[in-house]
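Just below is one structure, and these are the notes that go with it.
The values are calculated or read from the model by the stated rules, or taken from the named source; none is laboratory data. Owing to the predicted nature of the structure, the values given are computational and were not obtained by experimental measurement. In this analysis, Cβ positions are derived from the backbone assuming ideal geometry, glycine residues included, and neighbour counts consider all displayed protein chains. Only protein heavy atoms, including side chains, enter the accessible area calculation; ligands, DNA and RNA are left aside. Shrake-Rupley method; radii C 1.70, N 1.55, O 1.52, S 1.80 Å.
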Amino acid sequence: KNRDQGLGLSLGMGDSGKTAAFVTLACVVPYACYLHWAVYAEFFDWTEKLALSTCPPSYGFPCPRISVLDLFGSIMVCYQYRLNAKFPKYWLETLVAVTLMQFGGTTFTGLILGQTPSWISSATAFPALVLAWWLTFMCPADAWFRLMRATEAFHLPILIGSWISSGHAVTSWGMDKALHADHLRSRLSVNVCFLTGTLSACGGGIISDMLGFQKECWGFQMPSCLRGPTQPMEKGFLCAAVYYLARDPHSLFWAVGKGLEPVDARAVVGIVMYELNLATYFNPSAKVTEVIGSVLASGLNLRPYIDPDTSGEAPAKSEKVAETPRRSSRLSGKKGN
């Protein structure tokens, strides 16, 4: 059973119950944050630096510290990977796969900026992933995975924690890295800001899709994001746009006035990311581009598919089915089964 098919479905709600729950959560939480904005902004900023020690200081030797947000994100990555991947797999393959899925976005950011990815130089990020990996694949009696699948009250707080982690991925671990990059041209580039902010939220999924981590054998393939924007890509780009407009780091919108302080701008992105994830949690098929893109497409005559011989519609499935046996028989000399 997939535990991420929507809160209303998992609780047995009807359509009216799902709508009421969504509207309540979508309105009450942001309004409460607005009423106590200073407390919320400070809390959201504090969560980025929250780390737990794995042993008491009295032990007399340094112990690895665990980033709480990285732990939430890593738990959900490992959980989804185990649900969807084909097993059995060697332990090192699973560890490498979840590492690239969790830190793929910040790895892209480091490569774009020409500097070491932040998770490699961090003392708290990778230990959090190793702990999540051990709990998911090596826990005695498989207790952790069973608990994640069977207990909604245990699963949901971790999922919401991963939403907060996604918000920080766009801001603190993405665009802020560009705004404080080692190279001056990177710091002054709007394109670099948007690219790092977006990829930090969805880069791991792109790598997984491109290399086929969930298949029996890895192999390079065209990622699905080139056929259409994925939900994580939409969320990352929209949050990157909100963060850039809120901060205005390059003073491009001088007529609007001074941008927000970084702490407040990150808090705004946290609410936007919460709303987007809440919407896709209740409606897993929701697409942001279906609402925004339809308006732009009608005005600019944009088409989802480019083919000079057609009007831009998707190719018919019957044509693909008819061509496949003919192509395979020509290459192999055998009839298709």
- Task: Considering each residue of region 169-192, count those that are in contact with a His (Cβ under 8 Å, 6 or more places away or on another chain) and assigned to a helix (DSSP H, G or I), and give that number.
- Result: 2
- Task: Considering only residues that are free of Cβ contacts under 8 Å to residues at least 40 places away in the same chain and hydroxyl-bearing (Ser, Thr, Tyr), look in region 67-114 and name the one that is least open to solvent (accessible area, probe 1.4 Å).
- Result: 99
- Item | Residue list for region 27-39, restricted to those being in a helix (DSSP H, G or I) and open to solvent by 60 Å² or more (accessible area, probe 1.4 Å) | 27, 28, 31, 34, 35, 37, 38, 39
- Message: Could you check region 146-168 and list, in sequence order, the residues that are within 23 Å of residue 200 (Cβ to Cβ), open to solvent by 30 Å² or more (accessible area, probe 1.4 Å) and among the aliphatic types (A, V, I, L, M)?
- Response: 160, 164
- Message: Let me confirm something: among 207, 120, 160, which residue is assigned to a helix (DSSP H, G or I), among the β-branched types (Val, Ile, Thr) and closer than 22 Å to residue 286 by Cα?
- Response: 160
- Task: Assess whether residue 125 counts as being open to solvent by less than 20 Å² (accessible area, probe 1.4 Å), at pLDDT 95 or above and of a type in the set (Gly, Ala, Ser).
- Result: no
- Task: Inspect all residues belonging to region 40-51 and state whether any of them is open to solvent by 60 Å² or more (accessible area, probe 1.4 Å) and assigned to a strand (DSSP E or B).
- Result: no
- Going through (1) aliphatic (A, V, I, L, M); (2) touching a residue at least 12 places away in the same chain (Cβ under 8 Å); (3) farther than 23 Å from residue 45 by Cβ one by one, residue 226 fails only at (2)
- Task: Could you tell me which residue of region 231-282 is modelled with the lowest pLDDT, considering only residues that are of a type in the set (Lys, Arg) and open to solvent by 40 Å² or more (accessible area, probe 1.4 Å)?
- Result: 258
